[in-house]
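Engineer: There's a structure below that I have some questions on.
The values are calculated or read from the model by the stated rules, or taken from the named source; none is laboratory data. None of these values were measured; they are calculated from a predicted model. No Cβ is skipped: glycine too gets one built from the backbone with ideal geometry, and neighbour counts run over all protein chains shown. Please note that ligands, DNA and RNA were not included when accessible areas were found on the heavy atoms of the full protein model with its side chains. Shrake-Rupley method; radii C 1.70, N 1.55, O 1.52, S 1.80 Å.
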Amino acid sequence: MEKLQMHRPGPNKSFRIAGIVLAVLLIFALIGGYIAYSKREALLQKAIYKAKIKAKDQYNLDVKIGSAHFTGFSKVSLKDVTVVPDGRDSLLRIKKLDVDVKLTPLVVGDIIFSDVTLEDGFLQLTNKKGVKNFDFLFKKKKADNSKKSKLDLADISYNLIEQVLYKIPENLNLKNFNLSYAEDTAAVNFNIVKAIIDDGDLSSTIDVNRGEATWHMSGKMHASDKDIDVKLYAGGGQKLELPIIQKRFKVKLNADTVTTRLTKVDKENDETRIYTYCGATNLLINHKGLSVKDIIIPNGAIEANVFVGENYVTLDSSSVIHFKKIKANPYLKYTLNPVKIYEMKIHTGWVNAQDIFDSFPVGMFESLDGMKVAGKLKYSLNFYMNSKDVDNLKFDSRLDKDDFRIIRYGKVNLSKLNSTFVYVPYELGKPMPPHTIGPENPDFTPLDQIPPDMRNAIMTAEDPSFYRHSGFVEESIRKSIVTDFKEKRFVRGGSTISMQLVKNAFLSRNKTLSRKIEEILIVWLIENNRIMTKNRMLEVYFNIIEWGRGIYGIAEASRFYFGKHPSQLTLGESIYLASIVPSPKAGLYAFEPDGTLRRRLHGYFNLIGGLMAGKGLIDRDSAAYGFYTVRLREGLRRQIAPVDTALADSLLNQEGGDAVPVNQEGQLNFFQRLFGKGDSTAKKEEKIDSAEIKKQREKEAKEEQKRREKERRKELRERGLF
């Protein structure tokens with residue numbers, strides 16, 4: 001032990017050894033620095049040459065630099081820089097660019113900027129006739145093409161961030177830099193009058209569209225550290241707004257401020273993960289498909305965690321939507337290949353019900369303004385669709401309640417339909433003569449005076465499970481989405497009688513997304529809080545729905561078409577009246593001039609009558625369930641001129657009202673069907689009835705087309721043209 005201690009170096013000797021090592025390292029650093037400094041011009045030119053070759057080889061970019069040389073220890077001055085994509089419009093022009101280059105990376109051929117001063121620059125992005133001068137940003141490098149034949153979205157997104165975002169220095173002095181975007185029908189121009197980044201602190205002044213507005217951007221910009229937190233706002237009390245958006249997308253969009261943050265970007269397991277935040281104050285949206293009024297969101301934000309894989313883009317479920325007093329976790333995933341797959345999930349967890357109602361945007365759901373509620377609500381949505389297997393689409397939308405109750409109604413009293421009320425129908429936004437719905441009106445028809453055949457015909461055609469569901473039939477909505485996706489257009493609706501009643505009694509006829517959501521909310525409130533009985537809902541429905549131009553209620557319809565009281569309606573007349581509910585203004589086109597029904601309705605009578613008989617509501621009938629006995633009131637027959645069936649069908653479609661029943665054609669938007677709740681019995685029944693009615697209509701359409709073609713050929717032969 002003593003020998004070992006004798007040979008151990010003392011403290012002074014250890015310090016001397018460390019000093020020698022540090023001195024040697026310092027000498028090597030000085031030698032390396034001297035070599036780098038003395039060879040810096042050559043190294044710079046070599047690095048520029050390599051950058052030009054790389055740009056040409058990998059991105060087809062022609063890069064030219066008028067002059068480039070050191071003007072200080074590490075400062076480089078470049079003049080007359082241009083970047084032109086091969087066969088495209090010029091992309092970039094810079095008159096003067098001074099940069100401080102980090103010398104150590106320069107030794108290995110990399111150019112990394114520390115400070116940048118730029119004067120008189122122009123960046124032009126063009127998209128003319130489908131040809132973009134910036135599409136190189138989204139293409140794979142040529143060197144990678146031999147390795148993979150398919151585009152890798154994860155690589156593209158990560159490379160795009162590295163090539164653009166991470167090149168922003170932490171010290172920047174920019175003057176008069178013009179950024180423009182132009183396409184075939186629209187353009188926008190930003191002139192950055194000045195932009196300063198001082199050790200990551202950003203401030204800027206931006207002239208929009210040559211004096212149209214002045215914007216400012218401020219905040220933190222540590223791009224190389226993937227740490228960005230900036231706020232954009234307009235000067236002079238103006239709004240952040242771009243006319244190009246309204247021109248191209250027909251939507252008015254503006255805000256007081258927009259805040260965005262980038263907190264993290266990494267690549268893990270072949271997946272690029274981007275963690276961001278985006279928020280806006282007083283966001284205004286106006287689009288005719290959304291609402292007839294401006295929609296204003298005082299405060300809204302999303303913590304968006306976007307994960308990009310080789311063939312998919314995902315908004316991860318860790319993302320959070322903040323909307324006034326509520327928040328929700330969304331999940332969106334779009335898979336591109338080998339087949340397109342759409343996935344969407346939304347979960348809120350239990351939320352104070354009043355917080356939800358207080359968070360409705362201004363300009364939406366006006367009938368619920370001021371409503372006071374108690375308890376809690378929880379919403380969840382699960383949607384999955386494989387484009388190659390649409391029939392197995394998954395759809396589940398649910399609003400659950402916990403001790404939920406209504407304390408006070410809002411702008412509209414939802415219980416008003418339980419007693420006498422005045423109904424004012426609207427046509428093209430204009431009020432029609434008011435109708436009193438109650439015993440005070442001689443045309444009011446109580447439910448017990450409406451024949452069972454009439455009630456059952458309407459429910460069979462419109463809503464077979466009316467007495468069993470809670471306002472929505474989820475399977476019907478699912479089938480509507482499937483059908484619309486297959487047809488690439490909106491051909492099938494998903495409204496129940498409850499939804500049609502609410503729309504007619506409480507809402508306008510405007511075909512907007514906000515009105516549809518408001519309709520869904522009111523139906524849920526009425527059905528789940530038992531504000532009305534099912535019998536009362538059906539009674540009011542029969543007394544307010546439209547049955548023809550200016551004809552409202554079953555009493556007016558019975559008198560107008562057949563000159564009788566509703567209690568006297570036959571089975572055939574009941575099925576006919578059920579057939580015109582989707583397109584009431586075209587009701588007369590179903591008749592021939594002699595008052596008999598057009599042949600096109602024969603199959604419909606057999607179908608509806610057969611479904612009613614199958615449920616034991618009527619007896620089986622081989623005579624088309626009253627089709628041949630229906631006669632239009634004689635006083636109306638002279639108003640009907642001979643009309644070709646094709647024209648009648650066309651007029652029927654054009655005159656169709658806004659009411660879109662479960663089993664009829666309609667024009668509802670895809671997002672207007674993402675809500676529903678029904679029982680298993682209703683689902684099975686609705687699925688069978690909907691499929692049979694659709695099949696019958698398709699058969700009738702084909703037969704009608706053949707008949708028209710045959711008559712057309714006959715006419716041409718008679719005229720000697722065939």
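Engineer: Give, in nm to one decimal, the length gained when the segment between Lys46 and Asn535 is fully stretched (0.36 nm per residue of separation minus the Cα-Cα distance). Kindly include the intermediate steps, with their values, before the conclusion.
Structural biologist: Numbers: separation 489, 0.36 × 489 = 176.04 nm, distance 8.65 nm.
Taking Lys46 through Asn535 to full extension adds about 167.4 nm, to one decimal.
Engineer: Related question: Which distance in nm do the two modelled labels at Asn413 and Arg559 give, with both placed 7 Å along the Cα-to-Cβ direction?
Structural biologist: Modelled inter-label distance: 2.8 nm.
Engineer: Let me ask another. Loop-only trypsin sites (Lys or Arg not before Pro) in region 328-396, please: DSSP not H, G, I, E or B, and at most 11 other Cβ atoms within 10 Å.
Structural biologist: Listed in order of number, the matching sites are Lys388.
Engineer: Enumerate the calculated ³J(HN,Hα) couplings along region 421-437 in order (Karplus 6.51 cos²θ - 1.76 cosθ + 1.60, θ = phi - 60°), each rounded to whole Hz, writing x wherever the residue is Gly or Pro.
Structural biologist: Values per residue, Gly and Pro as x: 8, 9, 9, 10, x, 10, 10, 6, x, 10, x, 9, x, x, 10, 7, 9 Hz.
Engineer: Please say if region 199-320 is rounded, prolate or oblate, where rounded means a/c under 1.5 for a ≥ b ≥ c the square roots of the C-alpha gyration tensor eigenvalues, and otherwise the choice is prolate for a/b larger than b/c and oblate otherwise?
Structural biologist: It comes out oblate by the Cα gyration axes.
Engineer: Would you kindly derive the ³J(HN,Hα) couplings of region 61-67 from the backbone phi angles with the Karplus curve 6.51 cos²θ - 1.76 cosθ + 1.60 (θ = phi - 60°), listing them in order in whole Hz, with x for Gly and Pro?
Structural biologist: In residue order, the calculated couplings are 10, 9, 9, 10, 10, x, 8 Hz.
Engineer: Still on this structure, I have one more. Would you mind getting me the FRET efficiency between Lys486 and Lys615? Use the beta-carbon distance for r and R0 = 25 Å, nearest 0.05.
Structural biologist: On the way: r = 29 Å, r/R0 = 1.15.
For Lys486 and Lys615, the calculated efficiency is 0.30.
Engineer: Now a separate question. Give, as a single signed number, the net charge of other residues whose beta carbon lies under 10 Å from the beta carbon of Thr276, with Lys and Arg counted +1 and Asp and Glu -1.
Structural biologist: +1
Engineer: Let me ask something else. What does the charge count near Asp594 come to, summing +1 for each Lys or Arg and -1 for each Asp or Glu among other residues with Cβ under 15 Å from its Cβ? Mind dumping the intermediate values first?
Structural biologist: Details: positive: Arg598, Arg599, Arg631, Arg633, Arg637, Arg638; negative: Glu592, Glu634.
Residues near Asp594 contribute +4 overall.
Engineer: Here is a follow-up. Just by accessible area at a 1.4 angstrom probe, what is the order of Trp350, Trp215 from largest to smallest?
Structural biologist: Largest accessible area first, the residues go Trp350, Trp215.
Engineer: Moving on to the next point. Using 0.36 nm times the number of residues separating Ser203 and Phe421, minus their current alpha carbon distance, what extension gain do you get?
Structural biologist: Contour length minus Cα-Cα distance gives 72.4 nm.
Engineer: Also, quick follow-up: Just the number, please: carbon plus sulfur as a percent of the accessible area of region 528-616, 1.4 Å probe, no ligands or DNA/RNA counted.
Structural biologist: Here it works out to 48 percent.
Engineer: With a 1.4 Å probe and all protein chains left in place, how much of the accessible area of region 328-433 comes from carbon and sulfur atoms, in whole percent?
Structural biologist: Of all accessible area on region 328-433, carbon and sulfur atoms account for 53 percent.
Engineer: Would you please give the residues with an amide H less than 5 Å from that of Ser495, counting only those at least 5 places away or on a separate chain, with H modeled from the backbone geometry?
Structural biologist: Val662
Engineer: Would you give the gap between the C-alpha center of region 434-452 and the C-alpha center of region 539-571, rounded to a whole Å?
Structural biologist: 10
Engineer: Hey, another quick one. Report the calculated FRET efficiency for Lys79 and Lys252 (r = Cβ-Cβ distance, R0 = 45 Å), to the nearest 0.05.
Structural biologist: 0.55
Engineer: Once a ≥ b ≥ c are taken as the square roots of the eigenvalues of the Cα gyration tensor of region 338-383, is the result rounded (a/c under 1.5), prolate (a/b larger than b/c) or oblate (a/b not larger than b/c)?
Structural biologist: Working: a/c = 4.61, a/b = 1.94, b/c = 2.38.
Here region 338-383 falls in the oblate category.
Engineer: Still on this structure, I have one more. Given a Förster distance of 45 Å, report the FRET efficiency between Lys430 and Ser218 from their Cβ-Cβ distance, rounded to the nearest 0.05.
Structural biologist: Approximately 0.35, to the nearest 0.05.
Engineer: Could you give each residue of region 190-201 its phi-based ³J(HN,Hα) in whole Hz, using Karplus coefficients 6.51, -1.76, 1.60 with θ = phi - 60°, and x for Gly or Pro?
Structural biologist: After applying 6.51 cos²θ - 1.76 cosθ + 1.60, I find 10, 10, 7, 4, 7, 8, 10, 10, 10, 6, x, 8 Hz.
Engineer: So how far apart, in nm, are the two label points at Lys325 and Trp350 if each is 7 Å from Cα heading toward Cβ?
Structural biologist: About 1.7 nm separates the two model spin labels.
Engineer: If the chain between Asp135 and Tyr342 were fully stretched, how many nm would it gain, using 0.36 nm times the residue separation less the Cα-Cα distance?
Structural biologist: Result: 71.9 nm gained on full extension.
Engineer: Distance between the C-alpha centers of region 188-267 and region 338-388? Whole Å please.
Structural biologist: Each part's Cα centre sits 30 Å from the other's.
Engineer: Label Gln568 and Glu634 with points 7 Å out from Cα along Cα→Cβ: what is the distance between them in nm?
Structural biologist: 1.4
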